[in-house]
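Notes for the one structure printed next.
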């Protein structure tokens, strides 16, 4: 067991360690970018049965973050937001969405849409995955793997871009449709679990769809949002009590327990006057 993970378990509070799904962009981030490149070249990918749009994304005002039934643009001017609308409105309409309103204020543009069947657009950003950022072929291979996984699970890809801007290291993303929920944590989404500790993949295979074991501590999957908590204890009895208490905590907070794995440490871990000999990894749905 990694000493870093054990130390984290010793000092963290009962708050869950959530897997991050999306790096949000602020207006300040956009201002910091000095690249003024042309709009992305959009093309239909005939080889994909869903006909999603693809191309290079170089202007960050065209980068859409997805929340509820809306797409958000961090545009510096209203003209930039109009450019965002001109790009995204046809994409949404192609997949049965209807734009119902747009609003621009304080360098933030919001495009709201509706779907006849309750579908929403969601986005997965690949920058936290492990890949060769200097190889365009390697990134396209990873992106294609994600698109195929979405299709197999009945989630329709709508757009996929190679992102070329100094805000990010060279990376890529995928936009797709899924069934919306008032709590986005409960939606079936393409996600990544990456919390710094090694993952017990075997405990999760029946709860989510594994897309890629990105590393021993990173997993790309399709499903509801996973949560993770590490616990330390001096002996087996104390650990059993801690696991039981945390399961009760999850139930009280309307979160679903999945599984736990208890292991004996190779060497005791000492923090002040406390000596820990057992470690538990607990997994649950948020």
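Observations on the structure shown:
- Computed on segment 78-230, with alpha-carbon pairs under 8 angstrom and 6+ residues apart, the relative contact order is 18 percent.
- Extension gain (nm, one decimal) between residue 144 and residue 244, 0.36 nm per residue minus Cα-Cα: 31.8 nm
- Between residue 137 and residue 186, the modelled labels are 4.6 nm apart [label points 7 Å from Cα along Cα→Cβ].
- Percentage relative contact order, segment 43-128, counting C-alpha pairs under 8 Å, at least six apart: 26
- Computed over segment 103-215, Kirkwood Rh from alpha-carbon pairs, angstrom: 16.0
- Over segment 98-159: Rg over Rh, Cα atoms, Kirkwood Rh: 1.09
- Here the extension length gained between residue 274 and residue 252 equals 5.0 nm, from 0.36 nm per residue of separation less the Cα-Cα distance.
- Remark on segment 207-262: hydrodynamic radius 13.2 angstrom, per the Kirkwood mean of 1/r across alpha carbon pairs.
- The slack between residue 127 and residue 94, meaning 0.36 nm per residue of separation minus the straight C-alpha distance, is 9.2 nm.
- Extending 7 Å from the Cα toward the beta-carbon at both residue 79 and residue 117 defines two label points whose distance is 4.1 nm.
- Relative contact order [Cα under 8 Å, 6+ residues apart], segment 180-268, whole percent: 26
- For segment 212-237 and segment 85-146, distance of Cα centres in Å: 28
- Calculated FRET value between residue 206 and residue 262, using beta carbons and R₀ = 25 Å, to 0.05: 0.85
- Percent of alpha-carbon pairs separated by more than 25 Å within segment 27-193: 29
We did not get these values from a lab; they are worked out from the coordinates using the rules stated. Here the structure is a predicted model, which means the values were calculated and not measured. Cβ sites come from the backbone with ideal geometry, for glycine too, and all protein chains shown count toward neighbours.
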